[in-house]
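> If you scroll down you'll find the structure; I have some questions about it.
The values are calculated or read from the model by the stated rules, or taken from the named source; none is laboratory data. The structure presented is a predicted model; accordingly, all values stated were derived computationally and were not measured. Cβ atoms come from the backbone with ideal geometry, glycine included; neighbour counts cover every protein chain shown. Side chains are part of the model used for accessible areas, which takes the heavy atoms of the whole protein and leaves out ligands, DNA and RNA. Shrake-Rupley method; radii C 1.70, N 1.55, O 1.52, S 1.80 Å.
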Amino acid sequence: MRAPRLGSAIVIGGGIAGATIARELAKKGVGITVLEKAGQLCAGATWHAAGLVTRFGGSPKVKKVHVRALELMTDMHEQHDIGLHLTGSIRIIPKGEPDRLIEAKQQVAMASLYDDPALPTTLITPSEVAALHPLACVDNVEAAIYTPKDGDIDPTLLTNCVASLAKADGAKFQMNTEVLSISKRALDGKFEVETSTGERLVADAVVNCAGLWSRRFSNQLGMTHPAVVIEHQYVVTETIPALKGKVSNEDRVPVLRDLLGSSYIRQERDGLLVGPYEPELAAKREWPEGPPSGWDFQLFPPQLDRIESCLLQAMELIPALGEVGFKSIVNGPTIWTGDSLARCGRTRVPGYYDFNSLT
């Protein structure tokens, strides 16, 4: 039996953020309408995301969110198979960086306070790294943070599953419906949303989950939205012989986080996916309010020269990377804040909420 309706809300965007908030609000009895400008979910940034999930967090608040999110995804995977791989993750602390080691010890101590005690995060030795990840060369490894039950997920499977659950609780999804403008009515405090289909929808609240386009709607309501669209690249290798056939959760290698090369490295089928954070941020300054209206599943041309140093460092850590070619190179847009933290929650406009820049 559905919960009674508790007001209405319009959710802008049908990516993982929009689908998730729609499900949570629908479960609580809010009348939800999700407006997505593309013809299917996951357009924009969700579809090409690398899908990393972790219980690691740089602060207690972020860590609590990560821990709870993985609990929910694990339960959902057991019921619906959403492509979750819980391989664990290893954050490499290179030799000759004592400050990184101090930071690692602090992170392990914080995990003991805020994480699941049955899944302790630990500081491990180079030999333990090698035992957990046979492809890793530990010659330049001082130590590492090991977080069990981290991993990766298929973002499209996850989004579509969450959207289906939201619909079962009464949420309505309107595709091919681009939001053109938002205004707040002075008389009754409700929001009026004009769409590309000619509709003028009215709701008690609006949740901005527009991702790449999120700044546009905050600007319309007179607010500063400190986030920018950037290019983010990752490469997927051809088959690595040592990983051939090892695609089950039990056989997959853990995610590596290479601090020296500023990259994450995870298994993708029987190859590896390497995603560097570039030394020079490739911001799309020509897109102050997001990509052009028709952008949905497009990518940028690869720019391997920008991540060459990161890839070479990844090959130092995993020599097998230097022995195979790249099967694909993804260079896609994502939305990023200056402090790399998510923009989630209330704004100074009552009834208007932000749920973007998830990291």
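> Determine the gain in length on full extension of the stretch Arg269-Leu72; use 0.36 nm per residue of separation and subtract their C-alpha separation, reporting nm with one decimal.
On the way: separation 197, 0.36 × 197 = 70.92 nm, distance 2.41 nm.
Taking 0.36 nm per residue and subtracting the Cα distance, the gain is 68.5 nm.
> On average, how much accessible surface per residue is there in region 74-210, in Å², for a 1.4 Å probe, leaving out ligands, DNA and RNA? Display every interim value, and only then the final one.
Values: 6550 Å² over 137 residues.
For region 74-210, the solvent-accessible area averages 48 Å² per residue.
> Between Lys28 and Lys61, what length in nm is gained on full extension when 0.36 nm per residue of separation is reduced by their alpha carbon distance?
Details: separation 33, 0.36 × 33 = 11.88 nm, distance 2.33 nm.
Residue separation times 0.36 nm, minus the Cα-Cα distance, leaves 9.5 nm.
> Hey, another quick one. Dipole of region 24-124, Cα-centred, from +1 at each Lys and Arg C-beta and -1 at each Asp and Glu C-beta, to the nearest 20 debye? Present the calculation step by step, with values, prior to reporting the outcome.
Numbers: 12 positive and 11 negative charges, 64 e Å.
The calculation lands at about 300 debye.
> Could you please state, rounded to a whole Å, how far the C-alpha centre of region 293-343 is from the C-alpha centre of region 77-109?
Rounded to whole Å, the Cα centres lie 20 Å apart.
> Net charge within 15 Å of Ile240 by Cβ-Cβ distance, Lys/Arg positive one each and Asp/Glu negative one each, not counting Ile240 itself? Don't skip to the answer; put the middle values down first.
Values: positive: Lys244, Lys246, Arg252, Arg266, Arg269, Lys327; negative: Glu238, Asp251, Glu268, Asp270, Glu323.
So the surrounding residues net to +1.
> Of Lys63/Lys95; Lys167/Lys246; Lys184/Lys284; Lys105/Lys284; Lys28/Lys63, which pairs sit farther than 32 Å apart, going by alpha carbon to alpha carbon? Write down the numbers at each step before the final one.
Values: Lys63/Lys95 26 Å; Lys167/Lys246 36 Å; Lys184/Lys284 30 Å; Lys105/Lys284 37 Å; Lys28/Lys63 25 Å.
Pairs exceeding 32 Å: Lys167/Lys246; Lys105/Lys284.
> Still on this structure, I have one more. Report the full-extension gain for the segment Gln298 to Thr197: residue separation times 0.36 nm, less the Cα-Cα distance, to one decimal in nm. Write out the running numbers ahead of the final one.
Numbers: separation 101, 0.36 × 101 = 36.36 nm, distance 2.30 nm.
Between Gln298 and Thr197, full extension yields 34.1 nm more.
> What order do Leu101, Leu72 take when sorted by accessible area (1.4 Å probe), most exposed first?
Working: Leu101 40, Leu72 80 Å².
So, going from the largest accessible area down, we get Leu72, Leu101.
> Another question about this same structure. Report the GluC sites (Glu not before Pro) located in region 197-266 that are in a DSSP loop and have at most 16 other Cβ atoms inside 10 Å of their Cβ, or state none. Don't skip to the end; give the middle numbers.
Values: sites: Glu199, Glu231, Glu238, Glu250; in loops: Glu199, Glu238, Glu250.
Passing both the DSSP loop test and the Cβ count: Glu199, Glu238, Glu250.
> Using a 1.4 Å probe, how large is the accessible area of Trp287, given in Å² and rounded to the nearest 10?
Around 40 Å² of this residue is reachable by solvent.
> If r is the Cβ-Cβ distance from Ser328 to Lys284 and R0 is 22 Å, what FRET efficiency results, to the nearest 0.05?
My answer for the efficiency is 0.50.
> Please check which bits of region 308-337 a label hung off Thr224 would reach, taking the label as a point 7 Å along Cα-to-C-beta and the cut-off as backbone N under 18 Å.
Inside the label zone: 336-337.
> How about region 222-327: which trypsin sites (Lys or Arg not before Pro) there lie in a loop by DSSP and see at most 12 other Cβ atoms within 10 Å? Before the final figure, lay out each step's value.
Details: sites: Lys244, Lys246, Arg252, Arg257, Arg266, Arg269, Lys284, Arg285, Arg306, Lys327; in loops: Lys244, Lys246, Arg252, Arg269, Lys284, Arg285.
Those satisfying the criteria are Lys244, Arg285.
> Explain nothing, just the number: dipole magnitude of the chain about its Cα centre with +1 on each Lys and Arg Cβ and -1 on each Asp and Glu Cβ, in debye rounded to the nearest 20. Walk me through the numbers before you get to the answer.
Details: 37 positive and 42 negative charges, 288 e Å.
Once rounded to the nearest 20, the dipole reads 1380 debye.
> Now, a different point. Report in % the part of the accessible area of the chain that belongs to carbon and sulfur, leaving out ligands and nucleic acids; probe 1.4 Å.
On the way: 9030 of 16610 Å².
After summing per-atom areas, the C and S share lands at 54 percent.
> Right, here's the next one. I need the phi-derived Karplus couplings for region 125-135: 6.51 cos²θ - 1.76 cosθ + 1.60, θ = phi - 60°, integer Hz, Gly and Pro marked x.
Each residue of region 125-135 in turn: 8, x, 5, 6, 4, 4, 5, 7, 10, x, 7 Hz.
> Explain nothing, just the number: dipole magnitude of region 59-183 about its Cα centre with +1 on each Lys and Arg Cβ and -1 on each Asp and Glu Cβ, in debye rounded to the nearest 20.
Values: 11 positive and 17 negative charges, 72 e Å.
Dipole size: approximately 340 debye.
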